Structures are given as structure tokens and as C-alpha cells.
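Trainee: Submitted below is the structure of interest, expressed as C-alpha cells.
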Amino acid sequence: AAGVLASDQERFSLLDRKMEENRLAFCQQHRMAFLAYSPLARGLLTGKSGPERQFSETDQRYDDPRFSVENRRRVAEILAQIRPITEQHEITFAQLAVAWTIHQPGVSHALVGARNPRQAEENAAAGNVQLSEEQLREILQAMAKHAATV
């Protein structure tokens, strides 16, 4: 009814996977682009927002439940479990999160922010990471162990 749609842009990451239920398949079936935004979950999947980090009151994450100390502790546990994959590929957690996102069937683009040129280059390099089926399973297993809590 809205006309021809070319793409769908939704929040999608290891921590935001509701789109797997139907949107990704729909986009794939209808040859639509799926633009995954926030594949780093606002920095939560970079490993730089551990439980010890303090957010200022002007930071949007300050009172966001997703960035509570307890939740960041759970995310740190997930990242610790998948650290061997980052080491095997000699990549950062951010690169792994982006690589995982673009490996998902139906995802055509990962929209990733950067605060400086170095981060932009690092994020772009994630496009060269080839994850094996076994590594993708390992990542999902780590997520499943903690999914109900993050």
C-alpha cells in the first residue's frame, strides 16, 4: 500500500535480534536491502563499556537500563567467552560484532558510527573478516547463555 520498498533500516546487533523473527527473511524474499543500524549496540559490544566505566549525567547511557553496571557485567562475560575468536582473527570486539552482523542472512548493510578516522578504518576492516559456521555457532552459544539478561 505504501508503494515499492527498497530497504528496511532497523536496529540489529548481537543484543538486538528481534528482526531475525521475520524482517530479515522478508527482506531476503523480496530482494530488499536490510540496513542494520547500531551493530555495536551504542558501544556496548566494543568491550570499552565495562562495568567499571562511569557515565556522566549528560551521557544518554547514564540512566539507560541496558548500561546498568549489572548488564555491562553480563556483556563483559559474553565478550570474554568470544575473545578466542577475536584472537584467532586478530580483530577487536567491535570488528567481530560488525562481522557477525553482516554474516547474518538477509543483512545487506551494517551502519556503524565512528568518532574518528581510526575507528572508521577499523569498522570498515570488519568487512574482510570471514567467520566460520563453527565460530558463528560459538558466538550464538555465548549469547544464549546470557541472552535473557542483556
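Trainee: Would you kindly state the longest site-free stretch of the chain, with sites defined as chymotrypsin sites (Phe, Trp or Tyr not before Pro) in a DSSP loop (not H, G, I, E, B) surrounded by at most 15 other Cβ atoms within 10 Å?
Mentor: Counting only loop sites that pass the neighbour cut-off, the longest clear stretch is 63-150.
Trainee: If you don't mind, another one. What does a probe at ALA144 reach in the range 79-94, counting residues whose amide N is under 19 Å from the point 7 Å along Cα→Cβ?
Mentor: 79-85
Trainee: With all protein chains present, how much of the accessible area of the chain (probe radius 1.4 Å) comes from carbon and sulfur, to the nearest whole percent?
Mentor: 48
Trainee: Please compute the per residue accessible area over the chain with all protein chains in place, 1.4 Å probe, rounded to a whole number of Å².
Mentor: Here the per-residue accessible area is 60 Å².
Trainee: Let me ask something else about it. Rounded to the nearest 0.05, what FRET efficiency is calculated for GLU90 and LEU111 with R0 set to 22 Å and r the Cβ-Cβ distance?
Mentor: Efficiency for this residue pair is about 0.35.
Trainee: The chain: D in µm²/s via Stokes-Einstein (Kirkwood Rh, Cα pairs, 4 °C, 1.567 mPa s)?
Mentor: This corresponds to a translational diffusion coefficient of 80 µm²/s.
Trainee: Enumerate by residue number the GluC sites (Glu not before Pro) in the range 82-131 meeting two conditions: DSSP loop (anything except H, G, I, E, B), and at most 12 other Cβ atoms within 10 Å of the site's Cβ.
Mentor: Of the GluC sites (Glu not before Pro), the ones in loops of the range 82-131 whose Cβ has at most 12 other Cβ atoms within 10 Å are GLU90.
Trainee: Tell me the GluC sites (Glu not before Pro) within the range 1-65 that lie in a loop according to DSSP and have at most 16 other beta-carbon atoms within 10 Å.
Mentor: Numbers: sites: GLU10, GLU20, GLU21, GLU52, GLU57; in loops: GLU52, GLU57.
Sparse-neighbourhood loop GluC sites (Glu not before Pro): GLU52, GLU57.
Trainee: Put a dot 7 Å past each Cα toward the Cβ at VAL69 and GLN119; how far apart are the dots in nm?
Mentor: In this crude label model, GLN119 to VAL69 measures out at 2.5 nm.
Trainee: Separation between the LEU35 and ARG23 pseudo-spin-labels, each 7 Å from Cα along Cα→Cβ, expressed in nm?
Mentor: 1.3
Trainee: Continuing with this model, one more query. Rounded to the nearest 500, what is the 222 nm mean residue ellipticity of the chain from helices alone, with -39500 (n - 2.57) per DSSP H run of 4+ residues and division by all residues?
Mentor: Working: 5 runs with 61 residues, N = 150.
That comes out to -12500 deg cm²/dmol.
Trainee: Connecting C-alpha atoms closer than 10 Å in a GNM of the chain, tell me which of PRO117, PRO39, PRO51 has the biggest fluctuation.
Mentor: PRO117
The values are calculated or read from the model by the stated rules, or taken from the named source; none is laboratory data. Just so it is clear, the structure is predicted and the values come from calculations on it, not from any experiment. Here Cβ is always computed from backbone atoms with ideal geometry, including for glycine, and neighbour counts include all displayed protein chains. Surface areas here come from the heavy atoms of the whole protein model, side chains and all, with no ligands, DNA or RNA. Shrake-Rupley method; radii C 1.70, N 1.55, O 1.52, S 1.80 Å.
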